[in-house]
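Below is one structure, written out as structure tokens, with a few remarks after it.
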Amino acid sequence: MNVVDLRSVSFRYAGSERNVLSDINLKIEEGESVLITGPSGCGKSTIARVIMGLIPHSYPGDFSGEAYVLGMNILENPVSRIATNCGIVFQNPENQLFTFSVEDDVAFGPENLALPPYEICRRVDESLRLVGIEHLRHASPNSISGGEQQKAAIASIISMHPSLIIFDEPTSMLDPSSSASLIQSIFRLKESLREMGKEITLIIIEHRINLLINHISRMIVVSDGKIVLDGDPMTVLNESFERRIPINIPPLLRIYFRIKDRCGLEKPPRSLQELLSYLREDGWGRNG
Amino acid sequence: MVEIVVENLFFKYPEAENYVLKNINLIIKEGESIAILGENGAGKTTLAKNLNGLLKPTQGSVKIDGVDTRNLSVAKIARKIGFVCHNPDHQFFAETVEEEIRFGLRNFGFPENEAERSIREVLKTFGLEDYRFRNPFQLSGGEKKRLAIASIMVWNPELLILDEPTIGMDYAQRLNIQRVLKKLVSEGRSIVVITHDVDFAASLCERAIILSKGEVIGDGCLRKLLSDSEVIEKASLKKPFLIELEEELGFSIMEEDFDEICDFLTRVFPKCHS
Ligand SMILES: Nc1ncnc2c1ncn2[C@@H]1O[C@H](COP(=O)(O)OP(=O)(O)OP(=O)(O)O)[C@@H](O)[C@H]1O
Ligand SMILES: Nc1ncnc2c1ncn2[C@@H]1O[C@H](COP(=O)(O)OP(=O)(O)OP(=O)(O)O)[C@@H](O)[C@H]1O
Ligand SMILES: [Mg+2]
Ligand SMILES: [Mg+2]
């Protein structure tokens, strides 16, 4: 089944003259891990809003086309119904935290799903541990740091175990080691849920491609409201490089794409060490 | 020109039990480019807010040009020390992008014609010309961030403190902001950048102040500090790519632009000549 199915979706925000999305066709199957990237302002968050049904229900404007999420037609289903099984971590985590303690925010989703109390506790513990903020359980979401808020927002969605999770720049405020471990934990959770028979689908909007490149199965580049590239991550990155689309290609790959033909490199190096030892094979470049 | 002297600063939020900043001592001089780095919750934002008087020390002092921040109004400090906070939504209040930018200029008494020129210039610098009459809350994440920076930078404070300036920036904009900030420093202004983006910090800042659990665990040459594995481990950082590359090569690269680095590599390795 397609978890997401957008058919020639176009959208124009009320008061704006131009379409921010034009003719978007996007099918995402169950279990996929999709990275969506593209220049700032290209329409990534807008696509996320369509998938959640927030567009057209909460944002006025001109919507055309058809959009299905988990088999539900977004036009015929209220946002609240879509949200029970489809979670989004917004770009600005503060918009997501509204209770008096981190713990309550994380418990809110599972409580609304009317899960039994022991399961709610288990989910809260699991989610707080996953993002590494067990120590902030009783803190108020207003009196923690930016990165801590982002972690709390992520936990509050993960605790629902939704079938589809959209992360809109989930690591923008996290320190390098938290970013890496968060991404790992998310994919580990996905694996362990799969072992228990529950497939979840991930859509991750990120400028920081470096973190995700080894985890995702598919990469989409949006530019100016259109999907311009969609496919295997390495191919998409190479195309983006050739076409000079301003996305954050990981530095090592940027070097690789640029010098591969001249230096006879056949496949992307896995590390800087690997790249340099290849270049040094004939003994040069060691001491300048 | 502005100088900030921080002495034995301890800070605790009113209702909290523990100190968030412990015994901080620093001097920030004119023309400096400083990165404040450290793990989530280290105290970076809290320190920044102590530097510009939004928060006052619980113990110790912060002096701006010799005057204790307890004796200065926030507005007065803001003319000298601009602060771009991490969440643009906290900063915005005007109905249009233009008004948002004009506010500071009007407040600080810039003449209308000069204000108009500055607004145009800053809109252009940050690629926001098309949004001049848009409501700031109806911008994308990255556009908001650029507006937040533009609306503070426009009055040309002597010191600019930016909390996470690269959030939501794509490749081109990250380079752009790097260029814009470098230019400020070359004109004698100072910048303090709080960021988790070590690559950005490395390509922009000379000095790093590393915070961990509320304490300064390193203050000095950024390149040196970010080659120190112990510091990196302790403050949950990462070695910047450029430093890693230099260490592996065994010599330093002056280029910061990727195209130039690539050209450089193809020059030194004969493998690329065939
Ligand atoms: N509520 C709104 N009303 C009018 N225009 C909007 C609104 N929200 C976003 N836009 C415009 O639509 C375009 C796409 O915005 P969107 O937020 O989807 O971009 P994005 O790709 O997520 O960018 P970023 O990486 O900066 O977050 C932008 O040009 C933005 O200015
Ligand atoms: N208003 C507040 N009241 C009480 N404690 C707070 C408040 N704001 C932040 N803290 C706590 O103070 C510590 C330092 O927070 P600060 O925001 O300075 O961290 P930071 O280094 O900027 O982190 P990040 O990288 O996540 O933004 C954290 O442990 C945080 O939970
Ligand atoms: Mg966005
Ligand atoms: Mg902070």
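The values are calculated or read from the model by the stated rules, or taken from the named source; none is laboratory data. Just so it is clear, the model here is predicted, and its values are computed rather than measured. So basically every Cβ, Gly included, is an ideal-geometry build from the backbone, and we count neighbours across all protein chains shown. Areas reflect the complete protein model, heavy atoms only, side chains present, ligands, DNA and RNA absent. Shrake-Rupley method; radii C 1.70, N 1.55, O 1.52, S 1.80 Å.
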Counting pairwise Cα distances across the protein assembly as shown, what percent come out greater than 44 angstrom? 18
The Cα extents of region A:10-149 along the principal axes, largest first and rounded to whole Å, are 47, 31, 27
With only helices counted (DSSP H, runs n ≥ 4, each -39500 (n - 2.57)), the per-residue ellipticity at 222 nm for chain A, to the nearest 500, works out to -11500 deg cm²/dmol
Write down the accessible area per residue of chain B in Å², having rolled a 1.4 Å probe over the full set of protein chains. 43
So, in Å, what gap is there between the alpha-carbon centers of region B:48-67 and region A:80-144? 35
How big is region B:4-236 along each principal axis, measuring the range of its Cα positions in Å and listing the largest first? 47, 40, 34
per DSSP, antiparallel bridges as share of beta bridges in the protein assembly as shown, % nearest 5, sits at 55
In a GNM of chain A with a 10 Å cut-off on Cα contacts, which of A:Gly87, A:Gly264, A:Gly31 has the highest mean-square fluctuation? A:Gly264
Of the accessible area of chain B, computed with a 1.4 Å probe and all protein chains kept, carbon and sulfur make up a percent value of 49
In bins 10 Å wide, starting from 0, what share of all Cα pairs of chain A does each bin hold, as a percent? 6, 26, 32, 23, 10, 4, 1
Zone reached by a paramagnetic label modelled 7 Å from B:Lys213 Cα along Cα→Cβ, restricted to region A:135-164 with backbone N below 12 Å, covers none
Could you compute how much accessible surface A:Ser271 exposes when probed at 1.4 Å, giving the result in Å² to the nearest 10? 40
Please work out how much accessible surface B:Phe258 shows to a 1.4 Å probe, ignoring ligands, DNA and RNA, in Å² rounded to 10. 40
Take A:Arg49, B:Arg79 and sort them by solvent-accessible surface of the protein heavy atoms, 1.4 Å probe, largest at the top. B:Arg79, A:Arg49
Singleton cysteines, the protein assembly as shown, no second Cys beta-carbon under 4.7 Å -> A:Cys42, A:Cys86, A:Cys121, B:Cys85, B:Cys205, B:Cys221, B:Cys262
Among the trypsin sites (Lys or Arg not before Pro) within region B:169-274, which fall in a DSSP loop and have no more than 13 other Cβ atoms within 10 Å of their own Cβ? none
Too-long pairs where the Cα-Cα distance tops 32 Å, listed order kept, from A:Lys190/B:Lys271; B:Lys63/B:Lys183; A:Lys44/B:Lys271: A:Lys190/B:Lys271; A:Lys44/B:Lys271
Of all DSSP beta bridges located in region A:2-247, what percent are antiparallel, nearest 5? 55
Pop out the carbon and sulfur fraction of the accessible area of chain A as a percent, whole number, probe 1.4 Å. 48
Cα centroid separation - region B:186-236 against region A:158-184, whole Å: 25
For chain B, what proportion of DSSP beta bridges, expressed in % and rounded to the nearest 5, is antiparallel? 50
How much mean residue ellipticity at 222 nm does chain B get from its helices, if each DSSP H run of length 4 or more adds -39500 (n - 2.57) and you divide by all residues, to the nearest 500 deg cm²/dmol? -11000 deg cm²/dmol
Checking region A:1-76 for GluC sites (Glu not before Pro) in a loop per DSSP with at most 14 other beta-carbon atoms within 10 Å yields A:Glu17, A:Glu30, A:Glu76
Region A:2-247 accessible area per residue, 1.4 Å probe, protein heavy atoms, integer Å², reads 40
Find the centroid of the Cα atoms in region B:104-130 and in region A:47-71, then give the distance between the two in whole Å. 37
Inter-probe distance in nm under a simple model that places probes 7 Å from Cα toward Cβ, at A:Cys121 and B:Arg117: 6.9
By accessible area of protein heavy atoms, probe 1.4 Å, what ranking do A:His215, A:His135, B:His86, B:His196 get, highest first? A:His135, A:His215, B:His86, B:His196
Positive minus negative residues near B:Ser33 (Lys, Arg vs Asp, Glu; Cβ under 10 Å): +1
Using +1 at the Cβ of each Lys and Arg and -1 at the Cβ of each Asp and Glu in the protein assembly as shown, identify which of A:Val228, B:Phe269, B:Asn107 lies farthest towards the dipole's positive end. B:Asn107
Area hidden from solvent between A and B (accessible, protein heavy atoms only, 1.4 Å, total, Å²): 4000
Out-of-range pairs (alpha-carbon distance over 21 Å; input B:Lys44/B:Lys234; B:Lys44/B:Lys239; A:Lys151/B:Lys238; B:Lys56/B:Lys182): B:Lys56/B:Lys182
